[in-house]
Amino acid sequence: MSEIWLRRALPCVESRWQNIPGEHIDYCGYSVLPMAVEQDMLIAVEPVKTHILQLANTNPLYPYWVKKKMKITLSLPRRDFSTSANNIQIDKTKPLWHNYFLCGFKGIQEHFGLSDLTGMNCLVDGNIPPSSGLSSSSALVCCAGLVTLTVLGMNLSKVELAEICAKSEHYTGTEGGGMDQSISFLAEEGTAKLIEFSPLRATDVKLPSGAVFVIANSCVEMNKAATSHFNIRVMECRLAAKLLAKHKCLPWEEVLRLEEVQAKLGVSLEEMLLITEDTLHSEPYSPEEICRCLGISLQELKTQILSPNTQDVLTFKLYQRAKHVYSEAARVLQFKKICEEAPDNTVQLLGELMNQSHVSCRDMYECSCPELDQLVDICRKFGAQGSRLTGAGWGGCTVSIVPADKLSSFLANVHEAYYQRSNRSLVPEKQSLFATKPGGGALVFLEA
């Protein structure tokens, strides 16, 4: 029996701080600064001689097989989901958990051009809270890709695996970037990573020793594949990039990401913020106005630029989204610079960047929610030098930077103020509020 163990990614600032700053900018082409949290995703897998994939999940939210103590039995008669390994179909309209496994499986299958695959019995386990902004879905995609690669006896580099899994997750209909998949494979214990794209590469970033990062779950679930919020932001950034490129007489038809505009112009992020101010207006754009700016028809806009689930959107906020992306990209670089220079007030400076990031996510990107804002305020009140949402937003978790000597009182006060005063206390404490440190990436354990 093989066990595949995947550690999941937390953005650090992106420094998302991992997710500290850096939220919603990977799909715009910009560097992020995540770290892997200590929570993980596990898959026990047993190759079989048939061509059938049998998948089950231990999470009580889903139908599951029995797991007795720590002994996992893969030969039980019940099957939660099964499909032919040679006919993978992923329904974008239904964000079911097993679709994420199928994404990873299909990504490896297509990369190698395989048509006659062996089947597997797989049992999924893990302690990453679902729909919490900690990328449990991406962790499952990556874990499935690694499972498939291992069972087939093939080899790929971590970078290749990350790129394949980032691309294959698009089968769910979500137009995400590659941060989550990259940190899932490239993470190393004890360090955050600056993840850069095109080409994909990772650089160690040493976090300050006098501070601890704390994750707090707002208990508001957000499945980004179940709504159009996420894809609308991706399309707004794409449209902003095209309008900026057109204004600067660049070949806008080829431009997809805001970073490409900066690269083609050869200017700084600060200059891009000024160009955004001069070019885009703060009032929402209608599809008709966008068409006039680009000189295209409404049909061309819908079929050649927008994703299927954003074709009926009535307004797009291009100015606000571009302002967030360019300022957030600058915060990532500032965060890395502060960590490298390590001034006496490092924790304070990093906290300020995280606070700025949350304000931008809340006001310019509009991906927060009242509960996240409340939780951020509580965390700052009880000692966090900085706090912000992490993950896609609209629910999920916050990440806070807390002086190490204040950790115990911080955890107790936040637990009382946010969780005990409501039915949120019903959520398991280890899934709602916990300190974390950079964990390692994906691992494979083989058992004879």
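The values are calculated or read from the model by the stated rules, or taken from the named source; none is laboratory data. On a predicted model such as this, the values are computed, not experimentally measured, just so you know. Here Cβ is always computed from backbone atoms with ideal geometry, including for glycine, and neighbour counts include all displayed protein chains. Heavy atoms of the whole protein, side chains included, go into the accessibility calculation; ligands, DNA and RNA do not. Shrake-Rupley method; radii C 1.70, N 1.55, O 1.52, S 1.80 Å.
Just a few scattered comments:
- From the list LEU273, LEU333, LEU301, the lone residue that is touching a Cys at 6+ places or on another chain (Cβ under 6 Å), assigned to a helix (DSSP H, G or I) and aliphatic (A, V, I, L, M) is LEU301.
- For the residues LEU298, LEU280, the requirement of being modelled with pLDDT of 95 or more, touching a helix residue (DSSP H, G or I) at 6+ places or on another chain (Cβ under 9 Å), open to solvent by less than 30 Å² (accessible area, probe 1.4 Å) and at negative phi singles out LEU280.
- Inside region 338-397, residues that are outside any loop (DSSP other than H, G, I, E, B), more than 19 Å from TYR326 (Cβ to Cβ), among the polar types (S, T, N, Q) and at pLDDT 95 or above make up a count of 4.
- Enumeration of residues in region 369-419 that are crowded, with 24+ Cβ neighbours inside 10 Å, under 24 Å from ASN345 (Cβ atoms) and not hydrophobic (A, V, I, L, M, F, W, C): GLY386, SER387, ARG388, THR390, THR398, SER400
- Here ILE20 meets each of (1) in a loop (DSSP other than H, G, I, E, B); (2) in contact with a helix residue (DSSP H, G or I) (Cβ under 8 Å, 6 or more places away or on another chain); (3) at pLDDT 90 or above with one exception, condition (3).
- Single condition ASP204 does not satisfy, out of (1) more than 28 Å from GLY351 (Cα to Cα); (2) part of a strand (DSSP E or B); (3) charged (D, E, K, R): (1)
- Here region 236-260 is the region considered, the condition is being under 14 Å from THR276 (Cβ atoms) and either touching a strand residue (DSSP E or B) at 6+ places or on another chain (Cβ under 9 Å) or not in a helix (DSSP H, G or I) (or both), and the residue that is most open to solvent (accessible area, probe 1.4 Å) is LYS248.
- For region 109-142, a residue qualifies if it is within 20 Å of GLY173 (Cβ to Cβ) and at pLDDT 90 or above, and the qualifying residues are GLN109, GLU110, VAL141, CYS142.
- Close contacts from region 271-298, counting a first residue that is among the aromatic types (Phe, Trp, Tyr) and a second that is at pLDDT 95 or above and buried (at least 18 other Cβ atoms within 10 Å of the Cβ), with Cβ to Cβ under 6 Å and a gap of 6+ residues or different chains, come to TYR285/PHE316; TYR285/LEU318.
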